[in-house]
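Peer 1: If you scroll down you'll find the structure; I have some questions about it.
The values are calculated or read from the model by the stated rules, or taken from the named source; none is laboratory data. This structure is a prediction, so every number in the text was calculated from the model and none was measured. Neighbour counts run over all protein chains shown; Cβ positions are idealised from the backbone, glycine included. Quick note on the areas: whole protein, heavy atoms, side chains included, nothing else; ligands and nucleic acids left out. Shrake-Rupley method; radii C 1.70, N 1.55, O 1.52, S 1.80 Å.
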Amino acid sequence: MLQRFGGCVALKASHRSFYLHAKHRHPFMAPPTIHFCLALHNHQPVGNFDDVIQSAFEASYRPFLESFSRRQSLAISLHTSGPLMVWLEKNQPAYLDQLRELVRKGRVEIIGGAFCEPILTMIPSRDRQGQIRCFSEWLAKRFGLPPRGMWIPERVWEASLVSDIADAGIEYTILDDYHFRCAGLGEDQLHGNYVTEDQGRTLRVLPGSEPLRYLIPFREPGETIDTLRELARRHPGTTVVFADDGEKFGSWPDTWNHVYQEGWLERFFDALESNADWLICTTVGQALSESLPEGNICLPAASYREMTEWALPVEAQRRYERLTHEMESDERWPRLKPFLRAGFWRNFRDKYPETREMYARMMHVSERLQNAVDALGESPLLDEARDHLYRSQCNCAWWHGAFGGVYLPHLRNAVFHHLIAADEFLDEAEGEKDAASIEAADFNFDLSAEARMANRQLIAWFSPARGGHLYELDVRAIRHNLLATMDRRPESYHDKVREGASSGAASTSSIHDRVVFKQAGLDRQLIYDAHPRKSLVDHFWPVDGQVSDIVSGTVGEMGDFVTGVFDSRIRRSANRNQLLMTRTGLVDGVSFKLTKGVSLAARSNALEIACLIEGLPAGRVFRYGMEFNFAGMPAGCEDRYFHNGDGQVLKQLGQVLDLRNRSSLSLADEWLGLDAKLSWDRAAGLVAFPIAAVSQSEGGFELVHQSVAVIPNWQIQGDANGRWSVKLELRLATRGAGGTVPAATASVSARDTQTV
């Protein structure tokens with residue numbers, strides 16, 4: 001009845017009708033067995049640290065495969081993401097050789113996917129198909145077989161994905177049973193496989209079991225066996241899938257000791273083997289080859305249940321949590337729960353504007369690449385640009401839940417690193433010279449025009465309609481965005497921080513249930529920003545305002561310029577471009593006109609900024625500050641520091657500065673190879689302080705450095721014409737790019753610096 005096809009067992013077409021008859025018309029004839037598919041997902045994001053990946057390899061990937069390889073009767077399906085595969089090929093090729101041998105023996109089925117693990121609904125159709133095909137080709141070359149199935153990153157699903165996935169050569173995928181519940185299926189229908197369709201393309205989809213996700217590996221193996229036995233009794237011959245992170249087996253907090261030292265994994269494998277008379281451990285592909293679909297289904301937009309909750313706005317998330325807790329004791333809850341829906345994944349772009357910034361930048365590069373291909377045809381330079389584009393689409397920095405996600409600076413930095421690199425290769429392919437350019441368009445899809453100013457050293461992005469801010473500043477020599485910042489904002493889990501809760505759990509628990517504080521005093525660090533932490537942010541404060549209030553975020557704004565709408569116009573010339581942004585607003589009831597002009601010359605590594613305030617009333621003094629932020633220059637390291645221009649260290653970047661009568665400040669990051677000098681032509685007071693957010697990660701709650709705010713500020717008074725002006729310059733020197741990063745020397749006198 002069975003024959004081999006492409007390395008997988010397939011039913012002969014002549015026997016399919018008999019199987020359907022036996023399964024669906026005479027269920028009493030089906031054997032009391034069940035097909036159990038263990039489908040693991042191993043992933044490390046683009047930009048993660050080598051030592052973190054190595055630790056996961058030692059704690060999870062290697063010991064799991066070694067233990068599994070000794071169990072000759074068991075088979076699994078395994079998805080290893082492209083970024084992790086590339087790392088393994090470079091650093092642990094013997095592991096991949098061992099995996100290839102298990103594939104050859106039919107014990108491991110390799111599941112494919114999109115190469116760099118993007119959220120598929122966030123990238124254009126051309127990039128979806130390109131990423132899937134690219135990874136399938138890589139896997140076929142390395143393991144000898146093309147993948148039949150694919151992993152959907154974070155199981156973020158929309159029906160329009162079906163046609164792209166099918167056109168990329170994929171036969172099946174695994175989603176959560178939550179997706180199927182959202183389509184109206186009951187508990188007794190969350191097994192087997194179904195067919196879904198879009199534009200005439202079909203795809204087989206299997207529900208992964210949420211109950212098993214919470215049992216494995218946190219509860220004793222016997223509970224999993226009991227669950228599977230009951231499913232076999234009710235639905236003999238069906239397939240049930242456990243699909244979840246492989247890092248649960250050793251890398252998640254507290255799991256290494258539980259899974260390996262205390263023998264959970266060996267007991268689990270023992271249980272599977274001792275029940276082999278009715279529990280058939282097989283691959284997903286094998287199970288599909290020996291079964292027919294339960295029927296057709298249309299699945300709504302969804303992800304796994306927890307992800308949909310995290311996507312809700314904070315206040316809605318709090319109401320959702322309160323409602324579910326209140327209803328859990330209600331006898332009607334089991335009947336109501338299947339119809340309760342949470343959020344939509346795309347809402348992360350609105351919940352976190354930083355995600356929208358990455359998304360808009362990625363879309364710009366993707367469109368530019370496609371235009372270049374259409375105009376020039378394929379080339380090695382465009383292949384390089386595409387590779388960097390795909391890497392930038394890795395999903396981990398684009399959302400936030402029980403993991404650090406968008407709050408992790410090194411992941412955001414990696415996204416922009418690859419986007420800047422893609423621009424570099426596109427410039428080279430298109431023959432761009434050293435000319436300066438400036439353009440205005442709706443780059444971030446908000447129906448307002450942004451401005452892009454560029455030369456071969458810098459790319460600067462401005463949002464006139466949102467405070468006239470400089471919201472991205474790319475230093476091209478080191479492929480770094482100095483404004484990959486993150487605002488401090490409320491999160492629903494901050495309630496737990498305030499309560500000072502502690503897990504107190506002696507046993508291993510799921511990441512979703514952990515309450516652990518990695519630092520003391522986090523409740524005192526819950527500061528929320530009233531404006532985006534970008535640059536060219538215009539503040540008007542009380543003349544007698546305290547620096548401590550500025551640092552704590554409690555200072556009162558007297559004006560409406562911080563996020564107000566500026567009019568803008570562009571001035572172009574052959575060697576120099578300028579963006580002018582103007583707003584007439586109110587400060588303490590007085591109408592001012594503020595104009596900011598930003599210029600960039602063709603061969604310059606500096607932004608020149610001119611600020612003019614008009615309409616100042618005679619005899620009145622105001623306090624004006626222009627805020628700059630510097631991201632990706634982390635605190636707490638000796639080689640990242642403030643200095644006075646000649647290498648004399650003022651303080652480390654994680655400390656507070658309160659200086660008087662200053663005309664400049666420099667920030668150095670020797671590891672990054674960057675020295676940023678901000679100078680101005682009027683003596684000013686200067687406040688600089690770190691921006692750090694309390695976030696949640698798999699290890700617990702922690703304080704994460706996001707950026708350094710630098711705010712020169714002046715006591716301003718109008719001249720005879722009611723005018724006041726200042727000129728500033730932001731010069732960015734890089735090692736090996738015409739600049740020098742100074743080595744640290746002795747600190748300056750204590751008289752020149754104060755600590756708040």
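Peer 1: What are the pairs with Cβ atoms under 6 angstrom where one residue, in the range 109-132, is farther than 25 Å from Val241 by Cα and the other, located anywhere, is open to solvent by 10 Å² or more (accessible area, probe 1.4 Å) and among the small types (Gly, Ala, Ser)? Sequence gap at least six, or different chains.
Peer 2: Every condition considered, the pairs that remain are Gln129/Ala168.
Peer 1: Output the number of residues of the range 290-324 satisfying the condition of being more than 20 Å from Asn193 (Cβ to Cβ), in a loop (DSSP other than H, G, I, E, B) and β-branched (Val, Ile, Thr).
Peer 2: Filtering the range 290-324 for residues more than 20 Å from Asn193 (Cβ to Cβ) gives 301, 305-324.
The next check asks that each one be in a loop (DSSP other than H, G, I, E, B); those that pass are 301, 311-313.
From what's left, β-branched (Val, Ile, Thr): none.
Residues that pass the stated criteria total 0.
Peer 1: So, one more: Looking at (1) farther than 21 Å from Leu728 by Cα; (2) without any contact (Cβ under 8 Å) to a residue 60 or more places away in the chain; (3) of a type in the set (Gly, Ala, Ser), which one does Ala692 not meet, given that it meets all the others?
Peer 2: It is condition (2) that Ala692 fails.
Peer 1: Would it be correct to say that Arg100 is touching a Lys or Arg at 6+ places or on another chain (Cβ under 9 Å) and in a helix (DSSP H, G or I)?
Peer 2: On the way: touching a Lys or Arg at 6+ places or on another chain (Cβ under 9 Å): yes; in a helix (DSSP H, G or I): yes.
Yes: the conditions hold for Arg100.
Peer 1: Residue under question is Arg731, and the condition is that it be in a strand (DSSP E or B), in contact with a strand residue (DSSP E or B) (Cβ under 8 Å, 6 or more places away or on another chain), touching a residue at least 40 places away in the same chain (Cβ under 8 Å) and under 27 Å from Ile459 (Cβ atoms); does it hold?
Peer 2: On the way: in a strand (DSSP E or B): yes; in contact with a strand residue (DSSP E or B) (Cβ under 8 Å, 6 or more places away or on another chain): yes; touching a residue at least 40 places away in the same chain (Cβ under 8 Å): yes; under 27 Å from Ile459 (Cβ atoms): yes.
Considered against the rule, which asks whether it is in a strand (DSSP E or B), in contact with a strand residue (DSSP E or B) (Cβ under 8 Å, 6 or more places away or on another chain), touching a residue at least 40 places away in the same chain (Cβ under 8 Å) and under 27 Å from Ile459 (Cβ atoms), Arg731 comes out as yes.
Peer 1: Please work out which residue is nearest to the chain's Cα centre (by Cα), limiting yourself to the range 597-608 and to residues that are aliphatic (A, V, I, L, M) and either assigned to a loop (DSSP other than H, G, I, E, B) or buried (at least 22 other Cβ atoms within 10 Å of the Cβ) (or both).
Peer 2: Restricting attention to the range 597-608, the residues satisfying the condition of being aliphatic (A, V, I, L, M) are 598, 600-602, 606-607.
Among the residues that remain, those that are also either assigned to a loop (DSSP other than H, G, I, E, B) or buried (at least 22 other Cβ atoms within 10 Å of the Cβ) (or both) are: 598, 600, 602, 607.
On the way: Val598: 31, Leu600: 31, Ala602: 34, Leu607: 29 Å.
The qualifying residue nearest to the chain's Cα centre (by Cα) is Leu607.
Peer 1: Then there is this: Out of the range 235-275, which residues are over 20 Å from Ser209 (Cα atoms), crowded, with 21+ Cβ neighbours inside 10 Å and of a type in the set (Gly, Ala, Ser)?
Peer 2: Gly250, Ser251 - these are the residues of the range 235-275 that are over 20 Å from Ser209 (Cα atoms), crowded, with 21+ Cβ neighbours inside 10 Å and of a type in the set (Gly, Ala, Ser).
Peer 1: A further question on this structure: Could you grab the pairs with beta carbons closer than 6 Å, sequence gap of 6+ or different chains, first residue in the range 238-251 and hydroxyl-bearing (Ser, Thr, Tyr), second one assigned to a helix (DSSP H, G or I)?
Peer 2: Filtered contacts from the range 238-251: Thr239/Ala287; Ser251/Ala56; Ser251/Ala59; Ser251/Ser60.
Peer 1: Shifting gears a bit: Across the range 66-119, which residue is farthest from Val52 (Cα to Cα) among those that are of a type in the set (Ser, Thr, Tyr) and surrounded by fewer than 22 Cβ atoms within 10 Å (Cβ to Cβ)? Give the derivation first.
Peer 2: If we filter the range 66-119 for residues that are of a type in the set (Ser, Thr, Tyr), which is where we start, we get 67, 69, 73, 77, 80-81, 95.
Pick out the ones that are also surrounded by fewer than 22 Cβ atoms within 10 Å (Cβ to Cβ) and you get 67, 69, 73, 95.
Numbers: Ser67: 22, Ser69: 25, Ser73: 33, Tyr95: 17 Å.
Going through the qualifying residues, I end up with Ser73.
Peer 1: Mind checking which strands (runs of 3 or more DSSP E) fall wholly inside the range 636-710 and carry at least 2 residues that are open to solvent by 20 Å² or more (accessible area, probe 1.4 Å)?
Peer 2: Passing ranges, in order: 649-652, 657-669, 674-697.
Peer 1: In this structure, does Glu627 turn out to be modelled with pLDDT of 95 or more and either under 21 Å from Arg682 (Cβ atoms) or open to solvent by 30 Å² or more (accessible area, probe 1.4 Å) (or both)?
Peer 2: So Glu627 passes the test.
Peer 1: Could you list all residues from the range 579-596 that are open to solvent by 30 Å² or more (accessible area, probe 1.4 Å) and of a type outside the set (Val, Ile, Thr)?
Peer 2: Arg583, Leu586, Asp588, Gly589, Ser591, Lys593
Peer 1: Taking the range 276-309 as the search range and keeping residues that are charged (D, E, K, R) and either under 14 Å from Trp157 (Cα atoms) or out of contact with any strand residue (DSSP E or B) (no Cβ under 7 Å at 6 or more places or on another chain) (or both), which one is most open to solvent (accessible area, probe 1.4 Å)? Let's see the steps before the verdict.
Peer 2: Start the filter on the range 276-309 by keeping residues that are charged (D, E, K, R), which leaves 277, 290, 294, 305-306, 309.
Add one more test, that the residue is either under 14 Å from Trp157 (Cα atoms) or out of contact with any strand residue (DSSP E or B) (no Cβ under 7 Å at 6 or more places or on another chain) (or both), and what stays is 277, 305-306, 309.
Details: Asp277: 124, Arg305: 50, Glu306: 8, Glu309: 36 Å².
Restricting to residues being charged (D, E, K, R) and either under 14 Å from Trp157 (Cα atoms) or out of contact with any strand residue (DSSP E or B) (no Cβ under 7 Å at 6 or more places or on another chain) (or both), the top hit is Asp277.
Peer 1: Another question, if that's okay. Enumerate the strands (runs of 3 or more DSSP E) found wholly within the range 379-486, keeping only those where 2 or more residues are crowded, with 22+ Cβ neighbours inside 10 Å.
Peer 2: Numbers: elements: 437-441, 450-454, 458-463, 469-475.
The qualifying strands (runs of 3 or more DSSP E) are 450-454, 458-463, 469-475.
Peer 1: Based on this model, can you work out whether Ala287 counts as farther than 30 Å from Pro147 by Cβ and assigned to a helix (DSSP H, G or I)?
Peer 2: Values: farther than 30 Å from Pro147 by Cβ: no; assigned to a helix (DSSP H, G or I): yes.
In short, no.
Peer 1: In addition: Filtering the range 530-578 down to residues that are outside any loop (DSSP other than H, G, I, E, B) and among the basic types (Lys, Arg), which residue is least open to solvent (accessible area, probe 1.4 Å)? Lay out the reasoning, then the answer.
Peer 2: Restricting attention to the range 530-578, the residues satisfying the condition of being outside any loop (DSSP other than H, G, I, E, B) are 535, 537-541, 547-552, 559, 567-571, 576-578.
Next, from what is left, pick out any that are among the basic types (Lys, Arg): 569, 571, 576.
Details: Arg569: 128, Arg571: 124, Arg576: 91 Å².
That would be Arg576.
Peer 1: Given the conditions (1) open to solvent by 20 Å² or more (accessible area, probe 1.4 Å); (2) within 27 Å of the chain's Cα centre (by Cα); (3) modelled with pLDDT of 95 or more; (4) not hydroxyl-bearing (Ser, Thr, Tyr), which single one is not true for Asn48?
Peer 2: The number of the failed condition is (3).
Peer 1: Something else about it: Taking the range 560-581, which residues are over 26 Å from Leu526 (Cβ atoms) and touching a Gly at 6+ places or on another chain (Cβ under 8 Å)? So that I can check it myself, show each step before the final result.
Peer 2: Our first condition is that a residue be over 26 Å from Leu526 (Cβ atoms); within the range 560-581, this holds for 560-561, 564-581.
Asp560, Phe561, Gly564, Phe566, Ser568, Gln578, Leu579, Leu580, Met581, listed by residue number.
Peer 1: If you don't mind, there's one more thing I want to ask. Going through the range 609-624 one residue at a time, which ones are open to solvent by 30 Å² or more (accessible area, probe 1.4 Å) and either among the hydroxyl-bearing types (Ser, Thr, Tyr) or assigned to a strand (DSSP E or B) (or both)?
Peer 2: To start, the set of residues in the range 609-624 that are open to solvent by 30 Å² or more (accessible area, probe 1.4 Å) comprises 610, 612, 614-615, 617-621.
Those that are open to solvent by 30 Å² or more (accessible area, probe 1.4 Å) and either among the hydroxyl-bearing types (Ser, Thr, Tyr) or assigned to a strand (DSSP E or B) (or both): Ala610, Leu612, Glu614.
Peer 1: Within the range 252-288, work out how many residues are within 19 Å of Ser77 (Cα to Cα) and either modelled with pLDDT under 95 or hydrophobic (A, V, I, L, M, F, W, C) (or both). Working first, answer last.
Peer 2: Residues of the range 252-288 within 19 Å of Ser77 (Cα to Cα): 265-266, 268-273, 276, 279-288.
Filter once more, so that each one left must be either modelled with pLDDT under 95 or hydrophobic (A, V, I, L, M, F, W, C) (or both): 265, 268-269, 271-272, 276, 279-281, 284, 287-288.
Summing the residues that are within 19 Å of Ser77 (Cα to Cα) and either modelled with pLDDT under 95 or hydrophobic (A, V, I, L, M, F, W, C) (or both) in the range 252-288 gives 12.
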